[in-house]
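Enquirer: Here it is, the structure in full.
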Amino acid sequence: MSSSDGNQMYDCGTLLFKVTTSGFTTAQKRWRIAYASIYSVRVMLSLAKEIISKRGIEQPSIISDLHPYVALDVEPSSSPQWGEKFSSSSLAPKIDRKRLVETVKEKDLVSLHQLGGVEGIAAALGTNPEKGIRDDDREVVKRQEMFGTNTYHKPPPKGLLYFVLDAFKDTTILILLVCAALSLGFGIKEHGAAEGWYEGGSIFVAVFLVIAVSALSNFRQETQFDKLSKISNNIKVEVVRGGRRRQVSIFDLVVGDVVFLKIGDQIPADGLFLDGYSLQVDESSMTGESDHMEVDATRNPFLFSGSKVADGYGQMLVASVGMDTTWGEMMSSITSDKNERTPLQERLDRLTSSIGKVGLAVAFLVLVVLLIRYFTGNTEDDNGNTEYIGSKTSVDDILNAVVRIVSAAVTIVVVAIPEGLPLAVTLTLAYSMKRMMADQAM
């Protein structure tokens, strides 16, 4: 081999031939051959260096230094790392949210296999079965925007006006209001406006006091109960995110989370069984069946929120949260505006209703008897004269007499109905509820 510019000639083949044909021992021949080979490589590298320098190409230092390693010029990889490729833009087309929700709700094994099984769904959701999702607040927010939050729709809180109007629906209150209006009207007609309003006004004050205390008490009870419900429902669940196990609020759970379940835990969302041992759940709150359901990876990998773990332990892949879950669908169909009465309130209602009916019957009977006695001429005034003498009695005297008779009947109704009983019971319940709320008792 020779250089193109006529410089020193290097014939490696001739050199090797001379080395191998010289009269050395076998060991010496081997050493000379190895040396010749190394020398030939150096010569070729020198030639390559000269050629590259003449062409204006900058040679790497590996040619001149001959280090016993190779330096690789590796460009930074543009492919996303684990967890980064599952952004909101790339995650959306990988899984159909509606189909996934229906697959879990209907326990459709065929659809589950078509989606790639639990492993395929986990990959589509960007979940590592061992490390979970990426431990990043932005990742959680993206999943909440895509799949919803693990909260349920609740009716708006009831205001004070609602409880005031509800108090007016009480039959006893309505009867007392009518009696108060009649008593006020008859009192003013009979005794004048200066003194005739005492009886009717007193009834009005008592009724409005009962309504105000009852409405305020119920409003405070509702507010305190909502606060305690939020505290009791905000349970902690154990998940793995970014390869680390941590406790998160049930409201912060998102689709794709890997949740750890053990005996006594309430399943926080609908999901699929990943791994575990002898996992059995109690679905009586959902289906009414008292028998425990065995959950495994092949026959029944479905888990529903609202159920409780009765035996074993396992890991669950969250597939749907909030209103997409079976429990959320059930809660949305249940109206909380049922206005159920407590046993004490029901018994008090029956008692006051019975007393009211008896009072109305007695008052009506007294009204009829007094009217018959008056118009038959069997009543006398303070001077012993007959009050009704047919056409000789003026219309004004007849009206005054009728008003007096009706006022007496109304008085019987007011006295018969225990208007103090609702107030006393309301005050007692309000005091008891206040004490229990101070102790945070449900």
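The values are calculated or read from the model by the stated rules, or taken from the named source; none is laboratory data. Please read these numbers as outputs of a predicted model, since none were measured by experiment. Reconstructed Cβ throughout: ideal geometry from the backbone, glycine too, with neighbour counts over all protein chains shown. Just so you know, the surface numbers come from the protein's heavy atoms only, side chains and all, with ligands and any DNA or RNA stripped out. Shrake-Rupley method; radii C 1.70, N 1.55, O 1.52, S 1.80 Å.
Enquirer: What are the residues in segment 263-289 that are more than 17 Å from the chain's Cα centre (by Cα) and part of a strand (DSSP E or B), if any?
Expert: Leu272, Phe273, Leu274, Asp275, Gly276, Tyr277, Ser278, Leu279, Gln280, Val281, Asp282
Enquirer: Next question. Residue under question is Val258, and the condition is that it be touching a Ser or Thr at 6+ places or on another chain (Cβ under 9 Å) and either of a type in the set (A, V, I, L, M, F, W, C) or modelled with pLDDT of 85 or more (or both); does it hold? Reasoning before the result, please.
Expert: Numbers: touching a Ser or Thr at 6+ places or on another chain (Cβ under 9 Å): yes; either of a type in the set (A, V, I, L, M, F, W, C) or modelled with pLDDT of 85 or more (or both): yes.
When the stated conditions are applied, Val258 passes them.
Enquirer: Listed residues Val239, Val210; which is assigned to a strand (DSSP E or B), surrounded by 15 or more Cβ atoms within 10 Å (Cβ to Cβ) and β-branched (Val, Ile, Thr)?
Expert: Numbers: Val210 fails: assigned to a strand (DSSP E or B).
Going through Val239, Val210 in turn, just one is assigned to a strand (DSSP E or B), surrounded by 15 or more Cβ atoms within 10 Å (Cβ to Cβ) and β-branched (Val, Ile, Thr): Val239.
Enquirer: Could you please give the count of residues in segment 298-321 that are under 17 Å from Leu115 (Cβ atoms) and part of a strand (DSSP E or B)?
Expert: Total meeting the criteria: 7.
Enquirer: Output the residue which, of all residues in segment 158-198 that are open to solvent by less than 80 Å² (accessible area, probe 1.4 Å) and among the charged types (D, E, K, R), is nearest to Ala215 (Cα to Cα).
Expert: Ranking the candidates gives Asp166 first.
Enquirer: I'd like to verify a number: residues in segment 324-343 that are over 25 Å from Ser284 (Cα atoms) and modelled with pLDDT of 75 or more, how many?
Expert: First pass over segment 324-343, keeping only residues over 25 Å from Ser284 (Cα atoms): 339, 341-343.
From what's left, modelled with pLDDT of 75 or more: 343.
Qualifying residue count, segment 324-343: 1.
Enquirer: Next question, about the same structure. Would you check if there is a residue in segment 273-291 being touching an Asp or Glu at 6+ places or on another chain (Cβ under 8 Å) and touching a residue at least 40 places away in the same chain (Cβ under 8 Å)?
Expert: Taking every residue of segment 273-291 in turn, at least one turns out to be touching an Asp or Glu at 6+ places or on another chain (Cβ under 8 Å) and touching a residue at least 40 places away in the same chain (Cβ under 8 Å).
Enquirer: Which condition number in (1) over 60 Å from the mean Cα position of the chain (by Cα); (2) part of a helix (DSSP H, G or I); (3) modelled with pLDDT under 75 is the one that Val414 fails?
Expert: (1)
Enquirer: Also: Can you name every residue in segment 119-148 that is surrounded by 18 or more Cβ atoms within 10 Å (Cβ to Cβ) and assigned to a loop (DSSP other than H, G, I, E, B)?
Expert: Within segment 119-148, Leu125, Gly126, Thr127, Arg134, Gly148 qualify.
Enquirer: Here is a follow-up. Select, from Ser217, Ser229, the only residue that is hydroxyl-bearing (Ser, Thr, Tyr) and closer than 30 Å to Met323 by Cα.
Expert: Details: Ser217 fails: closer than 30 Å to Met323 by Cα.
After applying the criteria, what remains is Ser229.
Enquirer: Filtering segment 276-314 down to residues that are of a type in the set (Asp, Glu) and more than 23 Å from Val110 (Cβ to Cβ), which residue is modelled with the lowest pLDDT? Walk me through it before giving the result.
Expert: Taking segment 276-314 as the starting set, the residues that turn out to be of a type in the set (Asp, Glu) are 282-283, 289, 291, 294, 296, 311.
With more than 23 Å from Val110 (Cβ to Cβ) added as a condition, the list becomes 282, 289, 291, 311.
On the way: Asp282: 87, Glu289: 72, Asp291: 78, Asp311: 89.
My answer is Glu289.
Enquirer: Pick from Ser229, Ser249: which is exposed (fewer than 15 other Cβ atoms within 10 Å of the Cβ) and in contact with a Lys or Arg (Cβ under 9 Å, 6 or more places away or on another chain)?
Expert: Ser249
Enquirer: Name the pairs: first residue in segment 381-404 and loosely packed, with under 11 Cβ neighbours inside 10 Å, second residue at pLDDT 75 or above, Cβ to Cβ under 9 Å, at least 6 apart or on different chains?
Expert: Asp381/Glu387; Ile389/Gly377; Gly390/Gly377
Enquirer: State all residues of segment 289-310 that are more than 21 Å from Val255 (Cβ to Cβ) and open to solvent by 60 Å² or more (accessible area, probe 1.4 Å); if no residue qualifies, say none. Let's see the steps before the verdict.
Expert: Quick first cut of segment 289-310, residues more than 21 Å from Val255 (Cβ to Cβ) only: 289-294, 296, 298-299, 308, 310.
Hits for segment 289-310 are Glu289, Ser290, Asp291, His292, Met293, Glu294, Thr298, Arg299, Lys308.
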